[in-house]
Amino acid sequence: MRLLDYLTGLVSLLALPFIAWWGVNQSPHSAARLEAQLEARAHQALQLAGLDWASIEMDGQTAILTGPAPSADVAEEAAGIVLRSSGPGGLLFGGVSQVETRVHTADPVRPYVWRAEKKADGQLTLSGHVPSKAVRAALMLEADALSNGPAVNEMVVAAGAPAGNWQGIARFAVLQLAELDTGSAVLSDHVLTLRGDLADEARRAQLTSATLAMAAPFRGVALVQGAPLWWATREADELVIAGAVPGEADRRALIALAKRGLGREVRDEMVVAETAAANWMDGAKAGLAHFAAFRSGKMTFDPAVNGFTFEGDAPASTLQFLSEDMARTAGRWPVVIAALPVIAEVEPDADATCAENINRMLDSEAVSFEPGRAEFRREDAGALDQLAAIARRCDTGASLELAVNGDALAQARAAALADYLERAGVSRPPLAAISYGPGREVEGMESGAAPGNDRPLEFTVRERSAR
């Protein structure tokens, strides 16, 4: 009997490693299966919470959280969800015992767009990008207090909010929007555009003034409409002109300009009537000549508050020449150009760098200036649109710098080029005045050698680190 006991003990002792191996690796409660279960539950919990940027890997009962987090508080939220995904956690309860956070900052969103809308019934809807959960919650508290009924939250947390008091500007936008009968507020990077309808002229003037007075680096555009005196609309192939004009000769002149720009008949709904507004027809004629080239949009003249406004979409060169002509002809009336640039389809040389593709356009003199002036030649419109397209492609992965070696005219032309690129939707390139010294060869653009101030200009566009 004693020998049998010894043999049984020996067999049991030899079986212990196998039992331990099976318990760890093969049993329903094995460590490997527990890891897989914890990981699956954590992944499911993150998906249900909409945090699909996050990834989980289990090391025993420790969860390792990785991925491109849009903000610090969202990363903290993800860690909390993982920790609770399999119950209370800890060694005793068999859940996730701790979360090790190894997330990195997500790539910045470009453009960074947030918007708020007010419907006819007074309800507010907030959507677009916000920098954190805390900011989102604060904006919703503001909107709920001003909305007719609960405000609708369609905002998503994303990295890339522009520098400055972004939250303060978004809150200001909600307050401004609440004053409108209907409308929208769109904050795209550093530009806030307030659009809508408001019958009260005094309140319209106050909202417009407050929006235009926004502190740098932010800039405000106000398109708060009442009842415009005169307007034109473009949709598909139809151009309609309506409202009141001072005389029959003015009406005929506007129709002729619109026909010439559109290349076909226009619909005339104008009436001749005396108005209190004076000296606005030159601006209307100059603006309409360019508005006829818009793809779609609306041009209005509102003498009470806004002056001339332009909305819609048009080639970048059209917006450039519209801006130049309205600066000369609008007189005392303000001008707001809130149209979006239509960017041409262009395929740059894939073997060349961003700067090389831009400089080749400039070197070719396809884009040049009027003699003695900082204004682009009108015949270069097509090349200007191509330049904007190339620069837009560069702007997604590089920071552009514009260098100029020249006199005051050269500096003014460099500023005009920077203004044009910004109008075309490119991040405005900073200007750098560079002296290359005698005999130094420089890549750039020559506007054509001429006496005096029309000497050749020299530009370079430098690539910096990607965003």
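Here are a few things to note about the model shown:
- Scanning the range 101-154 for residues that are buried (at least 20 other Cβ atoms within 10 Å of the Cβ) and of a type in the set (Val, Ile, Thr), we see that the one that is farthest from Ala69 (Cα to Cα) is Val135.
- For first residues located in the range 68-85 and under 10 Å from Val103 (Cα atoms) and not assigned by TED's automatic domain parsing to the domain that holds His43, partners that are crowded, with 16+ Cβ neighbours inside 10 Å and of a type in the set (A, V, I, L, M, F, W, C) and lie 6+ apart or on another chain with Cβ distances below 7 Å do not occur.
- Qualifying residue in the range 78-87 (condition: modelled with pLDDT under 85 and at positive phi): yes
- Residue match in the range 277-291 (condition: touching a residue at least 40 places away in the same chain (Cβ under 8 Å), under 27 Å from Ala388 (Cβ atoms) and assigned to a strand (DSSP E or B)): no
- Filter result for the condition that a residue is surrounded by fewer than 20 Cβ atoms within 10 Å (Cβ to Cβ), out of contact with any Lys or Arg (no Cβ under 6 Å at 6 or more places or on another chain) and under 20 Å from Ala138 (Cβ atoms), over Ala170, Ala178: Ala178
- Qualifying position, being under 22 Å from Arg413 (Cβ atoms) and either modelled with pLDDT under 80 or not assigned by TED's automatic domain parsing to the domain that holds Ala199 (or both), among Ala330, Ala350, Ala316: Ala316
- Only one of Glu274, Glu347 that is charged (D, E, K, R) and closer than 29 Å to Leu421 by Cβ: Glu347
- Answer residue from the range 206-240, given it is over 30 Å from Ala273 (Cβ atoms) and of a type outside the set (A, V, I, L, M, F, W, C) and is surrounded by the fewest Cβ atoms within 10 Å (Cβ to Cβ) among those: Pro217
- Test: Glu76 is assigned to a helix (DSSP H, G or I) and not small (Gly, Ala, Ser): yes
- Meets criteria (buried (at least 20 other Cβ atoms within 10 Å of the Cβ) and either within 23 Å of the chain's Cα centre (by Cα) or touching a residue at least 60 places away in the same chain (Cβ under 8 Å) (or both)) for Phe308: no
- Odd one out for Ala145 among (1) in contact with a strand residue (DSSP E or B) (Cβ under 9 Å, 6 or more places away or on another chain); (2) more than 28 Å from Thr105 (Cα to Cα): (1)
The values are calculated or read from the model by the stated rules, or taken from the named source; none is laboratory data. Please read all numbers here as calculations on a predicted model, not as lab measurements. Don't worry about glycine lacking a Cβ; one is built from the backbone with ideal geometry, like all the others, and counts go over all protein chains shown.
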